[in-house]
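Only one structure is covered here, and it is reproduced in the block below.
The values are calculated or read from the model by the stated rules, or taken from the named source; none is laboratory data. Quantities reported herein were computed from a predicted structural model and do not represent experimental measurements. Neighbour counts are summed over all protein chains in view; Cβ atoms, including those assigned to glycine, are modelled from backbone coordinates with ideal geometry. Ligands, DNA and RNA are excluded from the accessible area calculation, which covers all protein heavy atoms including side chains. Shrake-Rupley method; radii C 1.70, N 1.55, O 1.52, S 1.80 Å.
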Amino acid sequence: MPVYNASCWLDECLQAILHQDFTGSMELSVFDDTSTDDSKKVVEGWRERLEARGISVVISGHNSDQPKGVGYAKNKAICQSRGQYLCFQDADDIMLPQRVRLQYDASLIGCRVQRVPEGSTERYTRWINTLSQDQLITEVYTSHGPTVVMPTWFCSREWYLKVGPFDEGGKGVPEDLLFFYQSLRKGGGLFRVDQCLLIYRYHEKATTHSVTEETIWKLRVDFLQERVLSQWESFTIWNAGKQGRKLYRSLSLANQKKVKAFCDVDENKIQKGFYTYEESKERPKPKIPVLHYKDASTPFIICVKLDMTGGNLEENLNSLQMKEGIDYYHFN
C-alpha cells in the first residue's frame, strides 16, 4: 500500500484489511511517500490490532522534500514485503472482507467495484463492471485505461518481477497503464472476479487526475499500432469526425497508408466524399474516402465513445454481425 497524505481515509482502509476473511498468512507493507499529514502515525496506530489478527506489518518511507510518485512508492512497498502474492491496495479505497480469499491467483486478476460517491463516474464504473472475459483483452485500447483496474489488482510476486517494476517517473506518468501493457506483452492473462470486492473512491486529489489525456492518447495509439495495426494490411476508421481524424493523424505514415476509408452515419460527412489530410507533406495530399458504415469493409477501428449514442452505435455494430477482436476494436 503506497501512502501519500491519506490520513482522512486510512482508518476505513485499515479496518477493512483487518476484517479480511482469508485464513492464510498476510502481511501489510506500507510505504509513505513523504506525507505532510499524519498518515504514517495513523498506520502505526493500527499495528497492534493488525498483528493481533496475525497480519504482520512493515512500514517505511522517505524524507525527501518532494514525493517521488506512486510508482516509486508501490515498488518500495513490494520490495520490503515478503509475500508470494501481491494484493494492491490504495489508501483511499476499502476492500470487502472476501477480497484476498477470492482473488488468490497467479494472474493479473481484478474484481467488480462499487464507486463512491455513487454516480461520480457512472459510464466508467459500468464499463469496469460489465466487461466480458473476452473484452478484458479486446478493449485495452480505449480511453478508460486498463480493463482490469489498478486498485483491484492481485498477482503473484513472480509475475510482478517478470513484468515490472512500475515506472518511477512520478506525477503525470500512468504507471498502471504502462505496467498493464507490459503484462500483456509478456503474455499475461487477465481475469476479473465477477463480484464487488472493492469500494473505489473518486475524489479530486486522486493521482489519476495528474495524467494528461494526450499522454494516455499517445500510449494507446502506440499500443494499438504495435498489437493490432501491425497485423492488418488495411482497415477502416469508424468516425469521420474529430476523433477519427485525430487517430488518423496520430498514426505512423505506414499505418496511415493502410486506412482505406473513414465511415460514419452523418450524411453531411458522407456527402463530402473525402477527408483530405491538409497537414501532410506528401504530394498530392492524401484523400481518404468517407463512406456510410454499411458500405465500408472490415476490419474497423471504432472511434466513437461507447455508451454515448443512446445505443445506436451498439445497434449498428450488431447489425453487421461482426466479432469484436477480429472484425473490429474499440479505440475511444
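Pairs needed: first member in the range 245-258, assigned by the TED database to the domain that holds Cys303 and at pLDDT below 95; second member anywhere, assigned to a helix (DSSP H, G or I) and surrounded by 15 or more Cβ atoms within 10 Å (Cβ to Cβ); C-beta distance under 9 Å; at least 6 residues apart or different chains.
Close Cβ pairs (under 9 Å, with a partner that is assigned to a helix (DSSP H, G or I) and surrounded by 15 or more Cβ atoms within 10 Å (Cβ to Cβ)) do not exist here.
Per-residue answers, yes or no, for (1) open to solvent by 40 Å² or more (accessible area, probe 1.4 Å); (2) more than 23 Å from Trp159 (Cβ to Cβ); (3) more than 12 Å from the chain's Cα centre (by Cα); (4) without any contact (Cβ under 8 Å) to a residue 40 or more places away in the chain:
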residue	(1), (2), (3), (4)
Lys186	yes, no, yes, yes
Gln195	yes, no, yes, no
Ile199	no, yes, yes, no
Glu204	yes, yes, yes, yes
Lys218	yes, yes, yes, yes
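Only helices (runs of 4 or more DSSP H) wholly contained in the range 157-267 count here; list those with 1 or more residues that are closer than 27 Å to Gln84 by Cβ, in contact with a Gly (Cβ under 7 Å, 6 or more places away or on another chain) and aromatic (Phe, Trp, Tyr).
Once the helices (runs of 4 or more DSSP H) in the range 157-267 are filtered for at least 1 residues that are closer than 27 Å to Gln84 by Cβ, in contact with a Gly (Cβ under 7 Å, 6 or more places away or on another chain) and aromatic (Phe, Trp, Tyr), what remains is 157-163, 175-185.
How many residues does the range 123-145 hold that are of a type in the set (Ser, Thr, Tyr), closer than 27 Å to Glu204 by Cα and either open to solvent by 50 Å² or more (accessible area, probe 1.4 Å) or not in a helix (DSSP H, G or I) (or both)?
So the answer is 4.
When the residues of the range 264-322 are filtered to those that are among the polar types (S, T, N, Q) and free of Cβ contacts under 8 Å to residues at least 40 places away in the same chain, which remaining residue is least open to solvent (accessible area, probe 1.4 Å)?
Of everything passing the filter in the range 264-322, Ser280 is least open to solvent (accessible area, probe 1.4 Å).
Look at the range 9-38 and say how many of its residues are farther than 20 Å from Met150 by Cβ and touching an Asp or Glu at 6+ places or on another chain (Cβ under 8 Å).
Number of matching residues: 1.
What do you reckon, is Val148 within 28 Å of Phe300 (Cβ to Cβ), assigned to a loop (DSSP other than H, G, I, E, B) and touching a Ser or Thr at 6+ places or on another chain (Cβ under 9 Å)?
no
Conditions first: (1) modelled with pLDDT under 95; (2) out of contact with any strand residue (DSSP E or B) (no Cβ under 7 Å at 6 or more places or on another chain); (3) open to solvent by less than 30 Å² (accessible area, probe 1.4 Å). Ser120 passes all but one, so which condition is the exception?
(3)
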